[in-house]
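A.B. asks: One structure, as structure tokens, below. Some questions next.
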Amino acid sequence: MLTPSLKKQFKKLKISPSFNLRANKVVYYGDCLKLLKQIPDETAQLIITSPPYNIGKEYERKLKLNHYVEQQETVIKECVRVLSQKGSLCWQVGNYVNKGEIIPLDVALAPVFQSCRLKMRNRIIWHFAHGLHCAKRFSGRYETILWFTKSDNYTFNLDPVRVPQKYPNKKYFKGPKTGQYSCNPLGKNPGDLWQIPNVKNNHVEKTDYPCQFPVELAEPFVLSMTNKGDWVLDPFLGSGTSLIAGIKHGRKAMGAEVNKKYIKITCDRMDQFEKGLLKTRPMNTPIYDPKTIKPNRPVSPEQESLFNSVDLSFR
């Protein structure tokens with residue numbers, strides 16, 4: 001049961017506690033399978049989520065890998081049922097770690113997606129510069145988003161997610177178009193390697209949720225794979241990032257969460273969003289590079305030389 005204060009927040013924010021076709025926001029407190037059972041076939045245009053990685057975080061119970069895959073399979077099959085024929089399923093995963101050995105979860109889950117007869121369109125690599133530091137292997141600095149569609153006739157709008165051209169003034173040097181610009185003036189395809197900072201302590205979006213992903217990671221999927229008024233579903237809602245990305249761009253959004261604390265975080269973020277106070281990192285913001293920042297106080301020539309000699313290109 002939701003607490004009286006959460007019920008009050010739900011009412012204030014017009015959040016439905018169960019699936020309702022007339023609602024714009026649905027947050028279900030409980031197992032995602034119970035929410036999925038409420039949803040009619042082929043309702044969701046986009047299913048985007050970052051499920052537990054089975055590494056023993058505070059919101060999960062670590063299972064043997066085969067049991068974890070079986071658990072995920074049950075959820076994935078229900079997600080496929082509620083996914084529109086023109087819809088997309090985007091599953092963000094990392095690595096399962098057992099006694100120092102890593103097993104990529106996209107590899108472990110591949111047979112499940114194949115058995116559901118989904119068609120993989122991209123394996124998107126999300127690269128970030130900060131994370132846990134490893135002593136006996138190279139530190140992990142990426143996660144994977146698997147994009148599947150249910151059919152060959154799927155929604156994909158590239159223009160809203162184009163990024164600036166690397167060479168915007170490049171022109172054709174021969175042929176009938178000689179002298180004309182050779183690149184799309186709206187920008188280029190962002191490709192399948194995305195460099196987006198993860199949400200750490202100094203990130204503008206940081207909450208008390210331990211594995212929060214940034215809004216700008218969800219936005220390209222929402223903008224390219226749905227249209228206004230479509231349903232976006234996140235079966236493992238966490239801190240509500242997918243919900244915010246959907247509502248921000250005029251979509252209807254729903255999700256399930258088993259932890260009351262995280263539902264409170266989602267409601268607080270939604271309240272800030274409704275008031276225009278929620279801070280998010282805008283899409284396509286350049287990665288912070290300290291070498292471009294000048295010190296705000298005088299420094300000696302030796303200090304300036306040391307500062308300029310540090311190679312921060314890895315950022």
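A.B. asks: For residue 151, list long-range residues whose amide hydrogen, built 1.01 Å from N in the peptide plane, is under 5 Å from its own amide hydrogen.
C.D. replies: none
A.B. asks: Using θ = phi - 60° and the Karplus form 6.51 cos²θ - 1.76 cosθ + 1.60, what ³J(HN,Hα) does each residue of the range 249-263 get, whole Hz, x for Gly and Pro?
C.D. replies: 10, x, 9, 8, 9, 8, x, 10, 8, 8, 9, 5, 4, 6, 5
A.B. asks: For residue 258, what residues show an amide H to amide H distance below 5 Å, using hydrogens built from the backbone and excluding near sequence neighbours?
C.D. replies: Amide H neighbours of residue 258: 30.
A.B. asks: For the range 1-54, which trypsin sites (Lys or Arg not before Pro) pass both filters: DSSP loop (anything but H, G, I, E, B) and at most 10 other C-beta atoms within 10 Å?
C.D. replies: Sparse-neighbourhood loop trypsin sites (Lys or Arg not before Pro): 22.
A.B. asks: Along the charge dipole of the chain, pointing to its positive end and built from +1/-1 on Cβ of Lys, Arg, Asp and Glu, which listed residue (180, 212, 110) has its Cα farthest out?
C.D. replies: 180
A.B. asks: Which longest uninterrupted range of the chain lacks any GluC sites (Glu not before Pro) assigned by DSSP to a loop state (not H, G, I, E or B) and surrounded by at most 15 other Cβ atoms within 10 Å? Provide the component values of the computation, followed by the final result.
C.D. replies: Working: sites that count: 42, 58.
The answer is 59-315.
A.B. asks: Another one. Give the residue list of trypsin sites (Lys or Arg not before Pro) in the range 68-144 that are DSSP loop and have at most 11 other beta-carbon atoms within 10 angstrom. Walk me through the numbers before you get to the answer.
C.D. replies: Working: sites: 77, 81, 86, 99, 117, 119, 121, 123, 136, 137, 141; in loops: 99, 117, 136, 137, 141.
Qualifying residues, ordered by number: 99, 117, 136, 137.
A.B. asks: A further question follows. So in the chain, what percent of DSSP beta bridges are antiparallel if you round to the nearest 5?
C.D. replies: So the antiparallel bridges amount to about 50 percent of the total.
A.B. asks: I'd like the orientation of helix 215-225 relative to the chain: the angle between its Cα long axis and the longest Cα principal axis, in ° from 0 to 90, rounded to 10.
C.D. replies: 70 degrees
A.B. asks: Can you work out ³J(HN,Hα) from phi for every residue in the range 70-83, in order, using Karplus 6.51 cos²θ - 1.76 cosθ + 1.60 and θ = phi - 60°, giving whole Hz and x for Gly and Pro?
C.D. replies: Each residue's phi maps through the Karplus curve to give 4, 4, 5, 4, 4, 5, 4, 5, 5, 5, 4, 4, 8, 7 Hz.
A.B. asks: On to the next question. Suppose we flag chymotrypsin sites (Phe, Trp or Tyr not before Pro) only when DSSP calls them loop and at most 10 other Cβ atoms lie within 10 Å. Which is the longest uninterrupted stretch of the chain?
C.D. replies: On the way: sites that count: 138, 173, 314.
In short, 174-313.
A.B. asks: Residue-wise, which Karplus ³J(HN,Hα) couplings in Hz belong to the range 88-94, taking 6.51 cos²θ - 1.76 cosθ + 1.60, θ = phi - 60°, and x for glycine or proline?
C.D. replies: 10, 10, 10, 10, 8, 9, x
A.B. asks: Note the angle between two axes, namely the Cα long axis of helix 105-115 and the longest principal axis of the Cα atoms of the chain, as a number of degrees from 0 to 90, rounded to the nearest 10.
C.D. replies: Around 50 degrees separate the two axes.
A.B. asks: May I pose another question? Looking at the range 151-241, which trypsin sites (Lys or Arg not before Pro) are DSSP coil and have at most 11 other C-beta atoms within 10 Å of their C-beta?
C.D. replies: 166, 170, 174, 177, 228
A.B. asks: Please work out the ratio of the alpha-carbon Rg of the range 4-309 to 2.2 N^0.38 Å and round it to two decimals.
C.D. replies: Ratio of Cα Rg to 2.2 N^0.38 Å: 1.11.
Every read-out reported here was derived from the displayed coordinates using simple, explicitly stated rules and does not represent laboratory data. Nothing here was measured: the structure is a model prediction, and the numbers come from that model. With ideal geometry, Cβ positions are generated from the backbone for all residues, glycine too; neighbour counts draw on all protein chains shown.
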